[in-house]
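*Asks:* Before anything else, here's the structure in question.
The values are calculated or read from the model by the stated rules, or taken from the named source; none is laboratory data. These figures come from a predicted structure and were not determined experimentally. Note that each Cβ is placed from the backbone with ideal geometry, even for glycine, and that neighbours are counted across all protein chains shown. Accessible surface is based on the protein model in full, side chains and every heavy atom, while ligands, DNA and RNA are left aside. Shrake-Rupley method; radii C 1.70, N 1.55, O 1.52, S 1.80 Å.
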Amino acid sequence: CSCSGRSTRAYARRAARNLTVTRQQTTAQFYANDPEWTRYLQAVDWLTQNSPADAVYMGRKPELLYLLTGHRTVEYPYTQESAKLQTTLRINKVSYIIEDGFTWTRTSEIYLAPAMRGLPGAFSLIHETPAPRMLVWQVN
């Protein structure tokens, strides 16, 4: 099997290396020298501490968000179409959205933010980190 040009064996070696790193330090320690990741983790921690246990979160990397929070998570649609975002929110009963400000990807800026702007009154900003900004929105 080949996934994106890499063999399954290569992915297994990479996963084993990553597991070794995560056993030796927390995620926050691993990303301590990266201001964007530090702010993202702060936003995730804030949301986890300030939302109900049954809340559903939406973000760019739902698998990572789930591992960090234990909450049910959903990936936002990679489109600027507000109707698709609204459908995804409704079908998955999303409670909160984490709009990351990662400059190395900008997918939230390209897709999520424009789709959200097309749904005025659908969201309330409930938390914002200092720069680099990460935003937490409650779905109204």
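*Asks:* If you fit an axis through the alpha-carbon atoms of helix 82-92 and take the longest principal axis of the Cα set of the chain, what angle between them do you get, 0 to 90°, nearest 10?
*Replies:* The two axes meet at around 70 degrees.
*Asks:* With charges set only on the Cβ (+1 for Lys and Arg, -1 for Asp and Glu), what does the dipole of the chain come to about its Cα centre, in debye to the nearest 20?
*Replies:* 600 debye
*Asks:* Between the stretch 119-140 and the stretch 20-77, what is the separation of their alpha carbon centroids in Å?
*Replies:* 16 Å
*Asks:* Here is a follow-up. Suppose accessible area is computed on protein heavy atoms with a 1.4 Å probe; arrange His127, His71 from highest to lowest.
*Replies:* Values: His127 45, His71 15 Å².
Final ranking, largest accessible area leading: His127, His71.
*Asks:* Right, here's the next one. Going from most exposed to least, what order do Asp34, Asp54, Asp45 have by accessible area with a 1.4 Å probe?
*Replies:* Descending order: Asp54, Asp45, Asp34.
*Asks:* Before I look further, what does the chain give for accessible area per residue, probe 1.4 Å, in whole square angstrom? Don't skip to the end; give the middle numbers.
*Replies:* Numbers: 8510 Å² over 140 residues.
For the chain, the per-residue accessible area is 61 Å².
*Asks:* When a/c reaches 1.5 or more, the comparison of a/b and b/c decides; with that in mind, is the stretch 32-98 rounded, prolate or oblate per its Cα gyration tensor?
*Replies:* Since a/c reaches 1.5 but b/c is at least a/b, the shape of the stretch 32-98 is classed as oblate.
*Asks:* Using a cut-off of 14 Å between beta-carbons, work out the net charge of the residues near Thr107 (Lys and Arg +1, Asp and Glu -1, Thr107 not included).
*Replies:* Values: positive: Arg60, Lys61, Arg106; negative: Glu36, Glu75, Glu99, Asp100, Glu109.
Result for the neighbourhood of Thr107: -2.
*Asks:* Would you calculate the convex hull of the Cα atoms in the chain and tell me its volume per residue in Å³?
*Replies:* Considering the Cα atoms of the chain, their hull volume per residue is 135 Å³.
*Asks:* Between Ala83 and Leu67, what is the label-to-label distance in nm when each label sits 7 Å out along the Cα-to-Cβ direction?
*Replies:* Rounded to a tenth, the inter-label distance reads 3.7 nm.
*Asks:* Given labels modelled 7 Å from the Cα in the Cβ direction, how far is it in nm from Gln49 to Asn92?
*Replies:* 2.6 nm
*Asks:* Shifting gears a bit: What does the accessible area of Ser51 come to, in Å² to the nearest 10, when a probe of 1.4 Å is used?
*Replies:* Estimated to the nearest 10 Å², Ser51 gives 20 Å².
*Asks:* Add +1 for every Lys or Arg and -1 for every Asp or Glu among the other residues with Cβ under 14 Å from the Cβ of Leu119, and state the total. Could the numbers behind the result be given before it?
*Replies:* Values: positive: Lys84, Arg90, Arg117; negative: Glu81, Glu99.
Once positives and negatives cancel, what remains is +1.
*Asks:* Another one. Thr88: net charge of surrounding residues, Cβ under 14 Å, Lys/Arg +1, Asp/Glu -1, itself excluded?
*Replies:* Here the count lands on +3.
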